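The structure follows.
The values are calculated or read from the model by the stated rules, or taken from the named source; none is laboratory data. What you are looking at is a predicted structure, and each value in this text was computed from that prediction instead of being measured. Neighbour counts run over all protein chains shown; Cβ positions are idealised from the backbone, glycine included.
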Amino acid sequence: MNAGLSMRFETLAVHAGGERDETGAIAPPLYFSTNYEHNPDGEPPRDFLYIRFDNPMQRRLESALALLDGGETSLVFASGAAAAAAYLQSLQPGSHILFCDDLFYGYRDIVPDFLPRWNIDWSYVDMTDLDAVRAEMRPNTRAVWTESPTNPLMRIYDLAGLAELAHEKDAQLLVDGTFATPALLKPLLLGADVTLHSTTKYIGGHSDVLGGALVFRRQSEQVSRIRQVRKLLGGVAAPFSSWLVLRGLRTLAARMRVHSTNALIVASFLESHRQVNEVFYPGLTSNSGHPLAKQQMSDFGGMLSFRVQGGRERAIEVASRVRLFINAGSLGGPESLIHHAVSFMHSPGNTPDDLLRLSVGLEHPADLMDDLKQALG
Ligand SMILES: Cc1ncc(COP(=O)(O)O)c(C=O)c1O
């Protein structure tokens, strides 16, 4: 890429991490080698020693993600969960973390199980209320951990406001940007310190790779600590996974445009359906997060959720009647998914039991509406 040109996201996503090697290959070369030759004195003559310490494919992906998210540096992991765990393990024992109350339910399970063992304290707060966040900050709060949009209630938080509050108290703001991806939202440019991605979702984009990433606004001592956690505890991304995630980046901008267009059409259809009580999608003007989402994001993404009239059993019945949507968790692939979220939560928290979550795919939106119409009856 010509470093002298300032380029837009779409262009960067097609080229980032794609530097040609001596063969001129357009698709990046993939090295499966676990081991690299070293000098007799143990020094690595060509940077690499062992796959778990660092490897060429991982490096390409990290440089691409840092560029696309506007960070100085990035670390990639075996999964989004491994990325989250490495961050948590880098905090000093005795720290406190403030989580948003609509936290991804996989992380909500990590918290009570592992944080006490690492001597980390935590609390949850409604992050739509900045005064409540300020009141909940403690002298030992080291991280404010949020998502935007959240999973599964699609809440939108004021990331610049949260960053300011966190920094006043010497804490970091970490934003799980999995739903939006850097194509739609760049938390680091709004003041966040770390962006977390499950690259398993939209960035990989094809339901065939597991991966995670942390992108950091600044290079720091903490980044070195997290790198050390990954190196010693082994949550490293495999080369082929990194290769697939980098390939996903090439089409991310185009896919997110179609996901967003389709999701807005489906959300508007659901909002007008008499069997639907409430639709959660930040692209709807009726959504309380809409003005903020419009400010922070370039589009609203492919995720939405809605409450079905008639309660939990009726919601499950609707999910059982779909023919095109697939009943499945996860998200971000080309195929549309439907998911009764509460059925998969150990602690449902504030998630209503009549809530169905949709990952709106790349199919024709008329087919998606036809399917939901017949399923809702
Ligand atoms: C918002 C969000 N963050 C993180 C994760 C965890 O990522 P992974 O499954 O890659 O470990 C998920 C997975 O569903 C998610 O939805």
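Out of VAL236, VAL215, VAL175, I need the residue that is within 29 Å of ALA328 (Cα to Cα) and free of Cβ contacts under 8 Å to residues at least 40 places away in the same chain. Which one?
VAL175
Follow-up question, since we're still on this one. In this structure, is LEU130 farther than 18 Å from ILE226 by Cα, in the same structural domain as GLY211 (by TED's automatic domain parsing) and crowded, with 21+ Cβ neighbours inside 10 Å?
No.
Within the stretch 87-127, track down each residue that is within 12 Å of the ligand (Cβ to nearest atom) and not hydroxyl-bearing (Ser, Thr, Tyr).
CYS100, ASP102, LEU103, PHE104, GLY106, ARG108, ASP109, ILE110
Closer than 21 Å to ARG142 by Cβ and in contact with a helix residue (DSSP H, G or I) (Cβ under 8 Å, 6 or more places away or on another chain): is that true of ILE203 in this structure?
no
Right, something else. On the basis of being over 30 Å from LEU304 (Cα atoms) and either in a loop (DSSP other than H, G, I, E, B) or within 16 Å of the ligand (Cβ to nearest atom) (or both), does ARG225 make the cut?
Taking the combined requirement at face value, the residue does not satisfy it.
Do you know which residues across the stretch 211-222 are assigned to a loop (DSSP other than H, G, I, E, B) and either at pLDDT below 95 or away from the ligand (no atom under 16 Å from the Cβ) (or both)?
ARG217, ARG218, GLN219, SER220, listed by residue number.
Shifting gears a bit: Would you tally the residues in the stretch 251-294 being in a loop (DSSP other than H, G, I, E, B) and either assigned by TED's automatic domain parsing to the domain that holds PRO149 or small (Gly, Ala, Ser) (or both)?
The number of residues fulfilling the criteria is 5.
Here's another thing I want to ask about it. Scan the stretch 1-56 for residues that are surrounded by 11 or more Cβ atoms within 10 Å (Cβ to Cβ) and among the basic types (Lys, Arg) and jot them down.
ARG52
Let me ask something additional. In the stretch 308-328, what residues are within 26 Å of VAL258 (Cβ to Cβ) and among the basic types (Lys, Arg)?
The answer is ARG321, ARG323.
Continuing with this model, one more query. Hey, could you check the stretch 338-377 for residues that are over 20 Å from GLU278 (Cβ atoms) and outside any helix (DSSP H, G or I) and say which is farthest from the ligand (Cβ to nearest atom)?
Going through the qualifying residues, I end up with HIS364.
Residue-wise test of (1) touching a strand residue (DSSP E or B) at 6+ places or on another chain (Cβ under 9 Å); (2) surrounded by fewer than 24 Cβ atoms within 10 Å (Cβ to Cβ); (3) under 30 Å from GLN309 (Cβ atoms).
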position: LEU210; (1), (2), (3): yes, yes, no
position: LEU233; (1), (2), (3): no, yes, no
position: LEU246; (1), (2), (3): no, no, no
position: ALA253; (1), (2), (3): no, yes, no
position: GLU271; (1), (2), (3): yes, yes, yes
position: SER286; (1), (2), (3): yes, yes, yes
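Taking the condition surrounded by fewer than 23 Cβ atoms within 10 Å (Cβ to Cβ), in contact with an Asp or Glu (Cβ under 6 Å, 6 or more places away or on another chain) and not assigned by TED's automatic domain parsing to the domain that holds LEU304, does ARG218 pass?
The answer is yes for ARG218.
So which helices (runs of 4 or more DSSP H) are wholly in the stretch 7-108 and hold at least 2 residues that are under 16 Å from the mean Cα position of the chain (by Cα) and modelled with pLDDT of 95 or more?
So the answer is 56-69, 80-89.
Just to be sure I understand, how many residues within the stretch 188-210 are away from the ligand (no atom under 13 Å from the Cβ), closer than 23 Å to GLN222 by Cβ and of a type outside the set (A, V, I, L, M, F, W, C)?
Of the residues in the stretch 188-210, 2 are away from the ligand (no atom under 13 Å from the Cβ), closer than 23 Å to GLN222 by Cβ and of a type outside the set (A, V, I, L, M, F, W, C).
Let me ask something else about it. Quick check on this structure: which one of LEU153, LEU185 is surrounded by fewer than 22 Cβ atoms within 10 Å (Cβ to Cβ), of a type in the set (A, V, I, L, M, F, W, C) and within 16 Å of the ligand (Cβ to nearest atom)?
Unique residue meeting the criteria: LEU153.
Moving on to the next point. From the list GLY349, GLY377, GLY332, which one is touching a Phe, Trp or Tyr at 6+ places or on another chain (Cβ under 6 Å) and at positive phi?
Exactly one residue qualifies, and that residue is GLY332.
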